[in-house]
1. Angle, helix 708-730 long axis vs. longest principal axis of the chain, Cα atoms, 0 to 90°, nearest 10?
2. Can you tell me how the stretch 522-645 classifies by the Cα gyration tensor, rounded, prolate or oblate, using a/c under 1.5 as the rounded cut?
3. Treating the angle as unsigned and between 0 and 90°, give the value, to the nearest 10°, between the Cα long axis of helix 54-63 and the longest Cα principal axis of the chain.
4. Could you state the accessible area per residue of the chain in Å², with a 1.4 Å probe and every protein chain left in place?
5. Using the Karplus curve 6.51 cos²θ - 1.76 cosθ + 1.60 with θ = phi - 60°, work out ³J(HN,Hα) for each residue of the stretch 22-39 in order, rounded to whole Hz, and write x for Gly and Pro.
6. When the helix-only estimate is applied to the chain (DSSP H runs of n ≥ 4, each -39,500 (n - 2.57), divided by the residue count), what is the mean residue ellipticity at 222 nm, nearest 500 deg cm²/dmol?
7. Please list the non-local residues whose amide H lies under 5 Å from the amide H of THR253, H modeled 1.01 Å from N, same-chain partners needing a gap of 5 or more.
8. Would you list which lysines come within 19 Å of LYS76, measuring only between C-alpha atoms, while excluding same-chain residues fewer than 8 positions from it?
Amino acid sequence: MSKAQVRLCMVLHNHQPVGNFDDVIEMAYRDSYLPFLDVFESYKDLRISLHTSGSLLEWLDQRHPEYVDRLAALAKAGRVEIIGGAFYEPILTMLPSRDRVGQIVQYSRYLRERLGAAVRGAWIPERVWEANLTSDLAAAEIEYVVLDDFHFRNAGLTADQLHGYFVTEDSGRLLKVFPGSEPLRYLIPFGEPKQTIDLLRGIGERAPGSVVTFGDDGEKFGTWPETKAHVYEHGWLRRFFDALQANREWLTTTTLAETVDNVIPTGKIYLPDASYREMTEWVLPVERQIAYHAAIAQLRFDNRWESIQPFVRGGFWRNYKVKYVEANEMYARMMFVSSLLEQAEQEDHPQPLIDQARQHLFRGQCNCAYWHGAFGGLYLPHLRNAVYRELIAAENLLEQAAGRTDRWVEVTADDYNFDARREIRLAGDRLVAWVEPAAGGRLYELDVRSIGHNLLATLCRRPEAYHEKVKVGEHQHGDGTASIHDRVVFKQKDLDQRLQYDRRLRKCLIDHFWDGDASLDQVALGQAPELGDFSDGVYQSKIRRNPDRVQVQLIRQGTCAGHPLTITKGLTLSAGSDELEIAYLIEGLPAGRPLHFGVEFNFAGLPTGNDDRYFHTGIDHRLGQLQTRLDLHDMRQLNLCDQWLGIDVGLRWDRPTSVWTFPIETVSQSEGGFELVHQSVVVIPRWEIRSDSQGRWSTVMRLKLDTTLAAARTTESKELSAALSSDLRST
């Protein structure tokens, strides 16, 4: 009998984000979740702990309730421990305490009711940890969590000290923490099963009675590229389970709960702020990330590397909100809705509406769209759109709970995006417009309440560290299955030629002055010199209020080609209206000298490459799909129609207008490889402006957001549902 005695806690984490496509989740179910369960069930002596995110479990219960029933049976038999956590997989450190506890408690209740599970442990999304989570987890009746060994090494422990679990404390509340093994994360399932057995045997021989924890994504068992064939068709998982059973005289597969009940803690620990190692690298500014990787590449050949490595770490997760302004916009929007909900809970509003709003808020806190690393995340428009859809739905319900069901409009000012500067919010029963006076007076969010869509959920093109790989070109890997962290795969050709970076965010009402001979190609490529200082300049703001109409005026005294100019632009929103009135007045124009002036609009969530998403002129005269580059003249109107979304975005001008359009596409990284992703459609109305006798020029444009098509579909759906119900009653 081997002197090695080891407990192996296998913790799998299955997750699909809110807003992911049904066919993508279905594929993950067919390729990962179902076949893993099929194989696991036949190994009666094995035990695992399993976390399934609430967004995925709800989907599974709707599409494949038989799978959920099988989980419930395995949990009842003690073969699978059900791990809880926050319902919709948020980064917990991103949430106020009330939402952290609320999500965890609600999901524990759901798991108890649906699976009969007594939840004791929680999965920490992306293992993003800050010490103050301890007291909130304890308040939510969580006993233990899994983090990475990286967290513990950052606290000063060595690898040989991490074969157990620890106790930590905050404000007198206790929590048990398991260190997940990074070596196992890379071996399972990419190495041969014997490598894992040898690693565990070595640990057990050095320290009999050790507890070793593996915690990682279940999608790596079939969904990650090339793993379906490797894990199932080539039999890796069966060989792995066979190896575990063949060594059960010294190797016990067990659950976190069984370990806590039968093994005393290794000791006490206070962990620094951290996440898994790769995450701390991805959050670094691009130039520092490149330098970090270069330094490590050099140090690996230094005989001192082994002693230095435990003290090497990257950045801090919260700085994703600095690295990506668009992520901070979502975060700030989420916090705004959370504060509205907290206020509503203190007032006497209908509880069912508040409960529904809370559920939408929780769904809008799903982490995947708030950051970016080896996965598409923030770069995936459908995930950003899903976040905003849930947050807008929550706000709509809270307005309804407050009794605001008729026509209304308001304008407020506050530091909504946490930058120590004031933003303006024009809100009505149909539209909500958010304006940043201190950043070019730009319109940075535009919510269409009826379809829950933010037309400015855009993303600009910016450098990424992995673009260095794109510039080098395609690489071929040898035989074997590579981790997604190591793969270099190009989903389209010539991506290196598509790398382009923006000078500023892609929003609306960005004011440009160019040379008279600037072309569409130059502007689209970012090669047209900016002659004015208005696009990023600070605008002063004035607010006007009437009972049925509100307005913000934005004023900047700047220069164009050294000549002083003043731009005043006004945004007006009326109660019951789906239209923004946008007025421009430019003063101080030089006599006899024309200037080339353009106003940039970006519209997000209108995908390209489909015939039902197109430009037209308001009389159904189509001008091409939304990715079409257009150079139009003498226009009075231009519309962007998305029949699938059910919206027609119309721009009208009070004077003949030239218009440029072009798409914004990013070269980004996902688990499938490098790919081109559509982010927004640019529309730039432009004029050769000449001063009148008083040195002025003005125009008025109207931005109308028509959702008649979406409303008609909703009516048809309700009528069909009513007809089906009537037929059922009659039979």
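1. 50 degrees
2. Working: a/c = 2.25, a/b = 1.28, b/c = 1.76.
Here the stretch 522-645 falls in the oblate category.
3. 90 degrees
4. 40 Å²
5. Calculated HN-Hα couplings, in order: 4, 5, 5, 5, 4, 5, 5, 4, 5, 8, 10, 5, 5, x, 4, 5, 4, 6 Hz.
6. Details: 21 runs with 224 residues, N = 731.
Result for the chain, helices only: -9000 deg cm²/dmol.
7. For THR253, whose amide H was placed from the backbone, the distant partners under 5 Å are LEU8, ARG47.
8. Within reach: LYS44.
The values are calculated or read from the model by the stated rules, or taken from the named source; none is laboratory data. None of the values given here were measured: they were computed from a predicted structure. Glycine gets a Cβ as well: all are built from the backbone with ideal geometry, and neighbour counts include every protein chain shown. Heads up: the accessible areas ignore ligands, DNA and RNA and are worked out on the full protein's heavy atoms, side chains in. Shrake-Rupley method; radii C 1.70, N 1.55, O 1.52, S 1.80 Å.
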